[in-house]
1. Over what distance in Å are the Cα centres of region 116-174 and region 191-226 separated?
2. How many nm separate the modelled label positions at residue 214 and residue 129, each set 7 Å beyond the Cα in the direction of the Cβ?
3. At most 10 other Cβ atoms within 10 Å and a DSSP loop assignment: could you name the chymotrypsin sites (Phe, Trp or Tyr not before Pro) in region 51-156 that fit?
4. Take the alpha carbon atoms of region 57-107, find their center, do the same for region 1-56, and report the distance between the two centers in whole angstrom.
5. 7 Å from Cα along Cα→Cβ at both residue 43 and residue 207: what's the point-to-point distance in nm?
6. Ratio of region 183-237's C-alpha Rg to 2.2 N^0.38 Å, to two decimals?
7. Residues of the chain: accessible area per residue at 1.4 Å, in Å²?
8. How big is the chain along each principal axis, measuring the range of its Cα positions in Å and listing the largest first?
Amino acid sequence: MNVLIIYAHPEPKSFNGALKDLAVSELTALGHQVKVSDLYAMNFKAVADHEDFQTLQNKDFFKYAIEQRNAAETNSFSLDIQEEQEKLLWADFVIFQFPLWWYFVPAILKGWFDRVFASGFVYGKGIGRYDTGGLKGRKAMLSTTTGSPQHAYTPYGMDGDIHEKLLYHINHGMLYFAGLEPVEPCIAWTPSHDEEDRKRYLEEYKKRLHNLSEIPSIPYHPASHYDENHQLKIEYR
Ligand SMILES: Cc1cc2nc3c(=O)[nH]c(=O)nc-3n(C[C@H](O)[C@H](O)[C@H](O)COP(=O)(O)OP(=O)(O)OC[C@H]3O[C@@H](n4cnc5c(N)ncnc54)[C@H](O)[C@@H]3O)c2cc1C
């Protein structure tokens, strides 16, 4: 498989760095082709603005999504965006490695989504969204770490259900929206606290990497299950 790792942590010696390094070495040893976008090392531009386009369709009124659609049609995204989009098209499986920051991804990764998951490339007219999104046919997995413990992220825990309240936003609203098929995430809870836990997380992650194609997908509805008012059709409730 061609595996792309989108990695967002500012410190190479961090636990996120260790998880990323493990994925590169294990997957390569298993015969997969691996590419890494190390966003901090690349100094990836996180802010979406007019510099993301080689030409502007409307110089008088800047509307980001319209310029994205124009750039997709005319191949005129800035080179850093084009490179990331090409890597996505090359990939069969995408791993997102990041620490949970403010219940979400670090800003550099949010900016990567804003700029790379462009209208006209992963969604929009003629493409659709969800199961027809531009990246369909590819799987994706979140691999994240937390500061709060696992029990805080349960339905009655003080941080709320991590799957339904936090990661749903990314898995459904971003990955699946773009056509990727999200699989069950990998979560290392509070890796800062205990060396034994860290060893166990690395072992568990290694096992998971050895069975990448067996990880269950998260069952989301295809776009056709929704009616014209964006409501889930009664027969699928
Ligand atoms: C801006 C911000 C917002 C945050 N928001 C949230 C939030 O909303 N929710 C939440 O739960 N948490 C939050 N946190 C906490 C954050 O999620 C955790 O600090 C982070 O996930 C820990 O992962 P890390 O890679 O940074 O750990 P690190 O602190 O870098 O690493 C942990 C330990 O692992 C060790 N280590 C590195 N490599 C190895 C190896 N190969 N083997 C064994 N040990 C190793 C390191 O030396 C270190 O001692 C936030 C933090 C920040 C800065």
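The values are calculated or read from the model by the stated rules, or taken from the named source; none is laboratory data. Because the structure is a prediction, the values reported are computed rather than measured. Every residue, glycine as well, gets a Cβ built from its backbone with ideal geometry; the counts of neighbours run over all protein chains shown. Heads up: the accessible areas ignore ligands, DNA and RNA and are worked out on the full protein's heavy atoms, side chains in. Shrake-Rupley method; radii C 1.70, N 1.55, O 1.52, S 1.80 Å.
1. 14 Å
2. 3.6 nm
3. Working: sites: 53, 61, 62, 64, 77, 90, 93, 96, 101, 102, 103, 104, 112, 113, 117, 121, 123, 130, 153, 156; in loops: 61, 62, 102, 103, 117, 121, 156.
The qualifying sites are 61, 102, 156.
4. So the two Cα centres are separated by 14 Å.
5. For the pair residue 43/residue 207, the computed spacing is 4.3 nm.
6. Output field value: 1.81.
7. For the chain, the solvent-accessible area averages 52 Å² per residue.
8. Projected onto the principal axes, the Cα atoms of the chain cover 57, 47, 36 Å.
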